[in-house]
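J.: Sharing a structure, written as structure tokens. Questions coming.
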Amino acid sequence: MRFPIQTANLPLIALLRDRRVWLGSFGWVCLLLILTNLGVARFRDQMEAEQRDNLLQHAPQLENSSEALAGVQYDLSTGNDLNRYWPAIPDATRQPLVIICGMSQMNAINEYQPGQKIIAELMDDELAPLGTRVFGLNAGNLCNEEALFLLQAAVTSPQTKPKVFIYAVCFDKFRNIDLRSGYRTFLLHHRDVGARLAETAVRAMESHPLAATKIQRTLSEIEAESKQVADDNLESKLRKGLSDFLPLVAMRQQLNANVQTRLFFLRNWLFQIKPTSKRAIIEGRYRMNQEFFQEMIQLCRSHGVTFAAYVVPLNPQAENPYLPEQYAEFKRWIEEVCVREQVPFANFEDVVPAEHWGTYLGGPDFKHFKAEGHSLTARAVIDRFSSLFVVKQGEPAGRE
């Protein structure tokens, strides 16, 4: 006959020595945790490499020090840890600064080989000897709300205020909204940026009410999150301490991303969804993103920054997921806005020939090109927009 374990008066040591504890569920849970941590430790590098490959990312993660950041030419975290790479932005008070901003095409090199560079790096390499610096603020699936946030963050300080802000516009990102967690964390650490963003929302309420209301809602959510972080401070410290010797805790975000990626592929397999499957854009989100785009123009104008935009290249060999009539309307709309607002504009849709694109999920990748595609796009951007930022003889090198 088995008797229940009486724990009320047992010292902890005696309890842990009781065989019935380890033969019960507690022992199995401990064994499972040990095996899981060993498994995570064993496949840690593989999971990180797999995540980078899925995102077509190959940038190393550097230590947050002035020495390590000295040669960085874009946000290597691609939006996940903007705080770490923000100090790498060249000082705009010392020389003209160009910020180029866009989605995954800007930082993804299909069929990557060591030493190959992305658009922002190529532009900076060419223009730095001429007195102009270039920095890339790029992230996968970047939406217009996030682009407006990055612009607001840049113009808030003289050290990061660009002479020109170049936006690589991608049609299907007009379906996305919200700031990713890395940008929300940045706002928690840079209250001045949040305050300026709130002022922008107030000013834009009459002209762009959808965008203004969304900014206010986002800032309210972040404020609520900051209070929750303060309440969970002990839990956060405990989690950070455990991550030093428990791989399962340290890799929790990568594990979550790994699971989400596998669920994404499973969904695509079950429903036969391909990267080129046609998807209608949601009208409400499209209109909101249109307002965000127009607000970027106004924000640049109010801060004396030149705003420039170009439609990103697409693979001429691959079918894209756009409904033709919606994509044609988008191109008409964005060119009309740029002409009306006197914004420098270009359509680079056909800049990269078919041979310079890679493959993705067994077919031609309609959006991500090889290294030569980065070179061709960087060349097109410089040729079209260099008159906006190349230092002329006798012109001051930086901003006052």
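J.: So is residue 121 under 15 Å from the mean Cα position of the chain (by Cα), of a type in the set (Asp, Glu) and surrounded by 19 or more Cβ atoms within 10 Å (Cβ to Cβ) or not?
T.: Details: under 15 Å from the mean Cα position of the chain (by Cα): no; of a type in the set (Asp, Glu): yes; surrounded by 19 or more Cβ atoms within 10 Å (Cβ to Cβ): yes.
In short, no.
J.: Could I ask something else about it? Return yes or no: is residue 196 farther than 22 Å from residue 322 by Cα, open to solvent by 10 Å² or more (accessible area, probe 1.4 Å), among the charged types (D, E, K, R) and touching a Ser or Thr at 6+ places or on another chain (Cβ under 6 Å)? Full working, then the answer.
T.: Working: farther than 22 Å from residue 322 by Cα: yes; open to solvent by 10 Å² or more (accessible area, probe 1.4 Å): yes; among the charged types (D, E, K, R): yes; touching a Ser or Thr at 6+ places or on another chain (Cβ under 6 Å): yes.
Spelling it out, residue 196 is indeed farther than 22 Å from residue 322 by Cα, open to solvent by 10 Å² or more (accessible area, probe 1.4 Å), among the charged types (D, E, K, R) and touching a Ser or Thr at 6+ places or on another chain (Cβ under 6 Å).
J.: Within region 337-351, identify whether any single residue is in contact with a Gly (Cβ under 9 Å, 6 or more places away or on another chain) and among the β-branched types (Val, Ile, Thr), and answer yes or no.
T.: Going through region 337-351, the residues in contact with a Gly (Cβ under 9 Å, 6 or more places away or on another chain) turn out to be 351.
Next cut, among the β-branched types (Val, Ile, Thr) only: 351.
Yes - at least one qualifying residue is present in region 337-351.
J.: Still on this structure, please answer the following. Search region 281-300 for residues being of a type in the set (D, E, K, R) and either touching a residue at least 40 places away in the same chain (Cβ under 8 Å) or in contact with a helix residue (DSSP H, G or I) (Cβ under 8 Å, 6 or more places away or on another chain) (or both), and hand back the single one that is nearest to residue 160 (Cα to Cα). Show your work before the answer.
T.: The initial filter retains those residues of region 281-300 that are of a type in the set (D, E, K, R), namely 283, 285, 287, 291, 295.
Restricting the remaining residues to those that are either touching a residue at least 40 places away in the same chain (Cβ under 8 Å) or in contact with a helix residue (DSSP H, G or I) (Cβ under 8 Å, 6 or more places away or on another chain) (or both) gives 285, 287, 291, 295.
Details: 285: 30, 287: 30, 291: 24, 295: 19 Å.
It comes out as 295.
J.: Here's a follow-up. All but one of (1) more than 25 Å from residue 313 (Cβ to Cβ); (2) modelled with pLDDT under 90; (3) part of a loop (DSSP other than H, G, I, E, B) hold for residue 56; which doesn't?
T.: In the conditions (1) more than 25 Å from residue 313 (Cβ to Cβ); (2) modelled with pLDDT under 90; (3) part of a loop (DSSP other than H, G, I, E, B), residue 56 misses (1) alone.
J.: Can you name every residue in region 383-397 that is modelled with pLDDT of 60 or more and either surrounded by fewer than 16 Cβ atoms within 10 Å (Cβ to Cβ) or part of a loop (DSSP other than H, G, I, E, B) (or both)? Spell out the reasoning first.
T.: Residues of region 383-397 modelled with pLDDT of 60 or more: 383-392.
Once the filter is applied, which keeps residues that are modelled with pLDDT of 60 or more and either surrounded by fewer than 16 Cβ atoms within 10 Å (Cβ to Cβ) or part of a loop (DSSP other than H, G, I, E, B) (or both), region 383-397 yields 383, 387, 389, 390, 391, 392.
J.: Could we say that residue 368 is part of a helix (DSSP H, G or I) and in contact (Cβ under 8 Å) with a residue 40 or more places away in the chain here? Don't jump to the end; show me each part of the working.
T.: Details: part of a helix (DSSP H, G or I): no; in contact (Cβ under 8 Å) with a residue 40 or more places away in the chain: yes.
No.
J.: Going through 161, 173 one at a time, which residue ends up being charged (D, E, K, R), surrounded by 15 or more Cβ atoms within 10 Å (Cβ to Cβ) and part of a helix (DSSP H, G or I)? It would help to see each step written out before you state the result.
T.: Numbers: 161 fails: part of a helix (DSSP H, G or I).
The conditions single out 173.
J.: Tell me which residues, restricted to region 124-137, are more than 21 Å from the chain's Cα centre (by Cα) and assigned to a helix (DSSP H, G or I).
T.: 125, 126, 127, 128, 129, 130
J.: Residue check, residue 111 against (1) at positive phi; (2) part of a helix (DSSP H, G or I), all met but one. Which one?
T.: Condition (2) is where residue 111 drops out.
J.: Output the number of the condition that residue 319 fails; it satisfies all remaining conditions of (1) closer than 29 Å to residue 115 by Cβ; (2) outside any helix (DSSP H, G or I); (3) touching a residue at least 40 places away in the same chain (Cβ under 8 Å); (4) charged (D, E, K, R).
T.: Residue 319 satisfies every listed condition except (1).
J.: Further, regarding this structure: Only one of (1) under 16 Å from residue 372 (Cβ atoms); (2) touching a Lys or Arg at 6+ places or on another chain (Cβ under 8 Å); (3) surrounded by fewer than 21 Cβ atoms within 10 Å (Cβ to Cβ) fails for residue 112. Which number is that?
T.: With respect to (1) under 16 Å from residue 372 (Cβ atoms); (2) touching a Lys or Arg at 6+ places or on another chain (Cβ under 8 Å); (3) surrounded by fewer than 21 Cβ atoms within 10 Å (Cβ to Cβ), residue 112 is out only on (2).
J.: Moving on to the next point. Looking at (1) open to solvent by less than 70 Å² (accessible area, probe 1.4 Å); (2) in contact (Cβ under 8 Å) with a residue 60 or more places away in the chain, can you tell me which one residue 304 breaks?
T.: Among (1) open to solvent by less than 70 Å² (accessible area, probe 1.4 Å); (2) in contact (Cβ under 8 Å) with a residue 60 or more places away in the chain, residue 304 violates only (2).
The values are calculated or read from the model by the stated rules, or taken from the named source; none is laboratory data. Everything numeric here is computed off the predicted structure, so don't read it as measured data. Note that each Cβ is placed from the backbone with ideal geometry, even for glycine, and that neighbours are counted across all protein chains shown. Surface areas here come from the heavy atoms of the whole protein model, side chains and all, with no ligands, DNA or RNA. Shrake-Rupley method; radii C 1.70, N 1.55, O 1.52, S 1.80 Å.
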